[in-house]
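Data block below; observations after.
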Amino acid sequence: MSNGGIIGPVNDPVLADKITTFTASGTYTSPGLGPLQADYLVVAGGGGGGASAAGGGGAGGFRTSFPGGTKLTIPASPITVTVGAGGAGGCGAPGASTPGVAGTNSVFANSPSPITSTGGGGGSGETPNTNANGGSGGGANYVHGAGTGNSPPTSPPQGNSGGTATGGNPFTGGGGGGAAAVGTNSTPSQAGPGGSGSANSITGSSISYSGGGGGGAFAATFGSGGTGGGGRGGQLCTPQVAGSSGTPNTGGGGGGSGSSAPDADGGNGGSGIVIVKQYGAGPYSIAPGVWSLSEQYNFKKAGQWS
């Protein structure tokens with residue numbers, strides 16, 4: 001190969017991978033190099049925890065192709081990205097405390113293969129819970145049951161079901177389901193911890209996502225949040241009776257509250273996240289060495305030579 005009269009091996013440019021993280025809804029645009037393959041991580045918003053010895057919120061649905069899954073082919077046209085919000089925690093009210101609100105879906109709308117992760121189910125409170133099912137299910141309280149995870153079904157599953165609750169005094173709530181495990185069932189002395197989330201290293205660092213919220217306890221020990229952003233449950237016997245919120249941009253479920261007091265609300269679910277790792281779409285990596293004059297000219301003209 002001619003290199004302008006310089007003797008030595010000629011280097012070839014190497015395209016780096018492009019990693020794009022969305023913590024809010026937006027648009028993903030390929031660099032315009034034609035269809036390229038990509039891995040994805042799509043995490044939905046977590047469900048809110050219920051109120052009054054309540055169930056923890058279910059984690060937002062967790063779907064990923066990294067590592068080892070089927071990659072997407074990314075077109076040159078822009079792709080809409082939706083990052084789901086966490087659901088609100090239930091409101092405390094004596095005898096009528098409400099369940100948590102389900103989280104909302106996250107979507108990477110790649111055509112013809114869109115990836116949708118379902119929002120986590122809300123944790124149960126004293127009033128009927130019609131939104132307990134979700135990516136992971138919300139935990140039960142002593143009146144109303146737990147939600148089903150992986151709803152609607154995906155393969156591999158996007159989450160797990162919530163934990164059950166004991167039916168008598170002392171009242172305790174079940175943990176919300178997580179991406180890697182079901183929510184833990186409560187006992188008379190312990191509200192259920194949230195199900196653990198899943199670790200993923202698509203960004204190059206291992207981070208856990210989609211942990212379930214811990215159950216709340218009226219006169220017992222609260223449930224801890226699942227790894228991956230789940231909020232801890234509330235407890236009547238401490239000043240902090242409200243459940244804590246799931247961590248933003250992890251899809252963690254909110255913790256259930258321990259009391260029916262008006263200020264003892266369930267924790268909010270954590271918002272979701274979408275990450276895209278597109279191969280061969282990043283800037284050129286230019287190594288030192290011998291380069292042809294034509295390649296130097298082309299890279300300099302494109303603003304990619306330093």
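Some points to look at:
- Residue in region 207-224 that is under 23 Å from the mean Cα position of the chain (by Cα), surrounded by fewer than 21 Cβ atoms within 10 Å (Cβ to Cβ) and of a type in the set (A, V, I, L, M, F, W, C) present: yes
- All positions within region 105-143 that are more than 15 Å from residue 49 (Cβ to Cβ), surrounded by fewer than 24 Cβ atoms within 10 Å (Cβ to Cβ) and polar (S, T, N, Q): 105, 110, 111, 113, 116, 130
- Any hit, region 66-78, residues being at pLDDT 80 or above, under 27 Å from residue 130 (Cα atoms), in a strand (DSSP E or B) and touching a Leu at 6+ places or on another chain (Cβ under 8 Å): no
- When residue 116 is tested against (1) assigned to a loop (DSSP other than H, G, I, E, B); (2) under 17 Å from residue 154 (Cβ atoms); (3) not hydrophobic (A, V, I, L, M, F, W, C), just one condition goes unmet, and that condition is (1).
- Taking (1) of a type in the set (A, V, I, L, M); (2) crowded, with 24+ Cβ neighbours inside 10 Å; (3) within 20 Å of residue 41 (Cβ to Cβ) in turn, residue 182 satisfies each apart from (3).
- When residues of region 171-214 are limited to those that are of a type in the set (Gly, Ala, Ser) and touching a Phe, Trp or Tyr at 6+ places or on another chain (Cβ under 7 Å), the one nearest to residue 50 (Cα to Cα): 214
- Filter pass, residue 281 being modelled with pLDDT of 75 or more, part of a loop (DSSP other than H, G, I, E, B), of a type outside the set (S, T, N, Q) and over 19 Å from the mean Cα position of the chain (by Cα): no
- Only one entry of 225, 258 meets the criterion of being part of a loop (DSSP other than H, G, I, E, B) and at pLDDT below 95, and that entry is 258.
The values are calculated or read from the model by the stated rules, or taken from the named source; none is laboratory data. Just so we're clear, the structure is a prediction, and the values are computed from it rather than from any experiment. A quick note on method: Cβ atoms are made from the backbone with ideal geometry, for glycine too, and the neighbour counts reach across all protein chains shown.
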